[in-house]
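Student: Before we start, here is the structure in question, set down as structure tokens.
The values are calculated or read from the model by the stated rules, or taken from the named source; none is laboratory data. Since we're looking at a predicted model, the values are computed, not measured. Glycine also receives a Cβ, built like all others from the backbone with ideal geometry; neighbour counts cover every protein chain displayed. Quick note on the areas: whole protein, heavy atoms, side chains included, nothing else; ligands and nucleic acids left out. Shrake-Rupley method; radii C 1.70, N 1.55, O 1.52, S 1.80 Å.
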Amino acid sequence: QVQLVESGGGLVQAGGSLRLSCAASRSIFTLNTMGWYRQAPGKQRELVATITSGGITSGSSINYADSVKGRFAISRDNAKKTVYLQMDSLKPEDTAVYYCNLRWSLGQHYDYWGQGTQVTVSS
């Protein structure tokens, strides 16, 4: 079992910045993906960004939703078991609950979610 604890959400004006953090309760010693998803009221949960753990011979792979490319940056610190989401040039349409996700496959598929953190961008 893995717990994910998010922090860093809040209220910010359009054009401002926020940094989200998500700490896992334990390390995962196999290739895994951490990411951020968001869900706005009345909408489905959508991908924001993901980042893989990388391996001995390869670095991390990063993926962004088109709507956040150039404004958001995902990163991770494997030693701290933490993934970050730096959000710049925020827009009102970025308002949502942001969820952290951790997943990997090792014989079976494992998929964990954080409790979510609210991000509100005022115009």
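Student: Over the chain, calculate the relative contact order: mean separation of alpha carbon pairs under 8 Å at least 6 apart, over the residue count, as a percent.
Tutor: 35
Student: First select every other residue whose beta carbon is under 10 angstrom from the beta carbon of residue 88; then total the charges, Lys and Arg +1, Asp and Glu -1.
Tutor: So the surrounding residues net to +2.
Student: Test of the criteria: in the stretch 24-123, which trypsin sites (Lys or Arg not before Pro) are in a DSSP loop and have at most 12 other Cβ atoms within 10 angstrom of their Cβ?
Tutor: 26, 43, 69
Student: Next up: Using the Karplus curve 6.51 cos²θ - 1.76 cosθ + 1.60 with θ = phi - 60°, work out ³J(HN,Hα) for each residue of the stretch 100-113 in order, rounded to whole Hz, and write x for Gly and Pro.
Tutor: The phi angles translate into 8, 9, 10, 8, 7, 10, 8, x, 9, 8, 10, 8, 10, 10 Hz.
Student: Can you give the net charge of the other residues whose Cβ lies under 13 Å from the Cβ of residue 14, counting K and R as +1 and D and E as -1?
Tutor: Numbers: positive: 71, 91; negative: 88, 93, 94.
Local charge sum for residue 14: -1.
Student: Another question, then. Which whole-Hz ³J(HN,Hα) couplings does the stretch 85-97 yield from phi under the Karplus relation 6.51 cos²θ - 1.76 cosθ + 1.60, θ = phi - 60°, glycine and proline marked x?
Tutor: Once θ is set to phi - 60°, the couplings for the stretch 85-97 become 9, 8, 10, 10, 6, 5, 10, x, 6, 7, 4, 4, 8 Hz.
Student: If we count every other residue with Cβ under 15 angstrom of residue 41's Cβ, Lys/Arg +1 and Asp/Glu -1, where does the sum land? Mind showing how you got there, number by number?
Tutor: Working: positive: 38, 43, 45; negative: 46, 93, 94.
My count for the surroundings of residue 41 gives 0.
Student: In addition: Work out how much length residue 62 to residue 89 would gain on full extension: take 0.36 nm times their residue separation and subtract the Cα-Cα distance, in nm to one decimal. Mind dumping the intermediate values first?
Tutor: On the way: separation 27, 0.36 × 27 = 9.72 nm, distance 1.99 nm.
Between residue 62 and residue 89, full extension yields an extra 7.7 nm.
Student: Give the aspartates and glutamates whose C-alpha is closer than 20 Å to that of residue 81, dropping any in the same chain fewer than 8 places away, or say none.
Tutor: Within the straight-line limit of under 20 Å, residue 81 reaches these aspartates and glutamates: 6, 111.
Student: Taking R0 as 25 Å, what's the FRET efficiency between residue 108 and residue 46 from their Cβ-Cβ distance, rounded to 0.05?
Tutor: Computed FRET efficiency for residue 108 and residue 46: 0.45.
Student: Given a 1.4 Å probe, how much area per residue of the stretch 1-90 is accessible, in Å²? Write out the running numbers ahead of the final one.
Tutor: Numbers: 4900 Å² over 90 residues.
Accessible area per residue: 54 Å².
Student: A further question on this structure: What part of the accessible area of the stretch 40-100, given as a whole %, is carbon or sulfur when the probe is 1.4 angstrom?
Tutor: Percent of accessible area from carbon and sulfur atoms in the stretch 40-100: 49.
Student: What are the residues whose amide H is under 5 Å from the amide H of residue 76, where those residues sit 5 or more places off or on another chain and H is modelled from the backbone?
Tutor: Counting only residues 5 or more places away or on other chains, the set is 84.
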